[in-house]
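The values are calculated or read from the model by the stated rules, or taken from the named source; none is laboratory data. Nothing here was measured: the structure is a model prediction, and the numbers come from that model. Note that we place each Cβ from the backbone using ideal geometry, even for glycine, and neighbour counts take in every protein chain shown.
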């Protein structure tokens, strides 16, 4: 592993940092909205699955018991 002096390291870090492409404000807002929509849809899906499983188990346990 090659060693570099601190000055070269800082120059390399600056060179790499200059390559970063930051998202626009619009992209951030749209992605955030999409995350909230997907989280809501996932929560609704699991709530429905939970209700179905609970109802099925209650019916099964009532029938057996």
**Request:** With the checklist (1) surrounded by 10 or more Cβ atoms within 10 Å (Cβ to Cβ); (2) at pLDDT 95 or above in hand, flag the one item residue 26 doesn't pass.
**Result:** (1)
**Request:** Provide a single number: the residues in the stretch 10-26 that are outside any helix (DSSP H, G or I) and over 26 Å from the mean Cα position of the chain (by Cα).
**Result:** 1
